[in-house]
Amino acid sequence: MSFPVIGVFDSGVGGLTVLRAIHRRVPWADTAYLGDTARVPYGTRSAETVVRYAKNAARFLVSRERLGVLVVACNTVSAVALDVLAGDLEVPVIGVVEPTAARAVALSSAGRIGIIGTPGTVRSGAYERAVRRLRADAMTISRACPLFVPLAEEGWTDPSDPIARAIAERYLSPFGEVDTLILGCTHYPLLEPIIRSVLPVSTQLADAAEAVAESIAPLVRERAEGVGQRRYYVTDVPKGFSEVAARFLGDGIHDPIEVDLG
């Protein structure tokens, strides 16, 4: 019997960076991705709204796919709704906050850890709590960077772009003394070249993609040849969707299945 499907859910396309890492780590596994592209972004919405949207999305994937695990590849949902989903579903639920915080603590030598993310993620304080559970003496500083999301989706990721660099310099100016920076949004890995160009060269970056893929790999015990089945569900197919998705996934998404979550 093959391993059940790995379900991956995000509010939009950012979670495709996590899915890409999962595909690299366990390419033979079947995966199903759901992007709530009709209601993105979640990062500026109330916690109550995020919980409602997340429950709808998770229940859809469970009803449509034979899930073995659900990966919540959305920092905002992971920060405010993960416990609700874990109690609501009968399959294991893995968020991005705990694995990414653990990666940051492992990378940090001095315990000076910065956190950037959406307003909702930063407002929740989830990363600070996760870091301090692992290292009580850690010093953390956090800042919301909402303009990083459109930069990533527009493909403005070149450090030589004056607008993108100016935004990065303004957002990241408080982080010159940290030794590790958590990229608390799945869009942000696309901006790594700009982020690295602004911060000291010694600064370590911790992002969710590799951290989550690493935590998933032990659950997929059965190795097989070839590439697993890959399905993509979206709640809307906006103009330019394929081009934007390709930036995050590294490959095109052909014929995504449009669904209504109610």
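Values in this text are rule-based calculations from the coordinates and carry no lab data. These numbers come from a predicted model, not from an experiment. Cβ placement follows ideal geometry from the backbone for every residue including glycine, while neighbour counts extend to all protein chains displayed.
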Checklist outcome for this item: Note, segment 22-33: 3J(HN,Hα) by Karplus (6.51, -1.76, 1.60, θ = phi - 60°), whole Hz, Gly/Pro = x, goes 5, 4, 5, 7, 10, x, 7, 6, 6, 10, 9, 10
Next on the checklist: Ranking request for peptides 195-201, 74-80: highest mean number of other beta-carbon atoms within 10 Å first, then the rest in descending order.
Outcome noted: 74-80, 195-201
Checklist entry - What does the convex hull of the Cα atoms of segment 98-207 come to per residue, in Å³, rounded to a whole number? => result 82
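Can you sort F60, F175 from fewest to most other Cβ atoms within 10 Å of each residue's own Cβ?
If I rank by nearby Cβ atoms, fewest first, I get F60, F175.
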Next on the checklist: Output wanted: per-residue J couplings in Hz (rounded whole) for segment 100-110, from phi through Karplus 6.51 cos²θ - 1.76 cosθ + 1.60, θ = phi - 60°, x for Gly and Pro.
Outcome noted: 6, 4, 5, 5, 5, 4, 5, 7, 7, 8, 9
Checklist entry - What nm distance separates the two modelled labels at R143 and R66, each placed 7 Å from Cα along Cα→Cβ? => result 4.9
Checklist entry - How much length is gained if the chain between R221 and D236 is pulled fully straight, taking 0.36 nm per residue apart and subtracting their Cα-Cα distance, in nm to one decimal? => result 2.0 nm
Item to check | J(HN,Hα) series, segment 114-121, from Karplus relation 6.51 cos²θ - 1.76 cosθ + 1.60, nearest Hz, glycine and proline x | outcome: x, 9, 10, x, 6, x, x, 5
Checklist outcome for this item: Listed with the fewest Cβ neighbours within 10 Å leading, Y188, Y42, Y232 appear as Y232, Y42, Y188
Checklist outcome for this item: Computed about the Cα centre, the charge dipole of the chain from +1 Lys/Arg and -1 Asp/Glu charges at the Cβ has a magnitude in debye, to the nearest 20, of 440
Next on the checklist: I'd like to know which of H254, F241, G228 lies farthest towards the positive end of the charge dipole of segment 219-262, counting +1 on Cβ of Lys and Arg and -1 on Cβ of Asp and Glu.
Outcome noted: G228
Item to check | Evaluated over segment 141-262, the Cα radius of gyration and Dmax, each in Å | outcome: 17.3, 48
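If I take every Cα pair under 8 Å that is 6 or more residues apart in the chain, average their sequence separation and divide by the length, what percent do I get for the relative contact order?
Relative contact order, the chain: 27 percent.
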Item to check | Distance between modelled label sites at D255 and R170, nm, 7 Å Cα→Cβ extension | outcome: 4.5
Checklist outcome for this item: With -39,500 (n - 2.57) per DSSP H segment of 4 or more residues and division by the full residue count of the chain, the 222 nm estimate, nearest 500 deg cm²/dmol, is -12000 deg cm²/dmol
Checklist outcome for this item: Here the alpha-carbon Rg of the chain over 2.2 N^0.38 Å rounds to 0.96
Next on the checklist: Skipping prolines and chain starts, which residues have an amide H placed within reach, meaning under 5 Å, of the one on S11, given they are 5 or more residues away or on another chain?
Outcome noted: D36
Checklist entry - Once amide H atoms are placed 1.01 Å from N in the peptide plane, what residues at a sequence separation of 5 or more from L205, or on another chain, have their amide H within under 5 Å of its amide H? => result L181
Checklist entry - Using 0.36 nm per residue, how much length does the chain from R59 to R129 gain when fully extended, once their Cα-Cα distance is taken away? => result 22.4 nm
Item to check | E48-E177 pseudo-label distance in nm [points 7 Å out on the Cα-to-Cβ vector] | outcome: 4.0
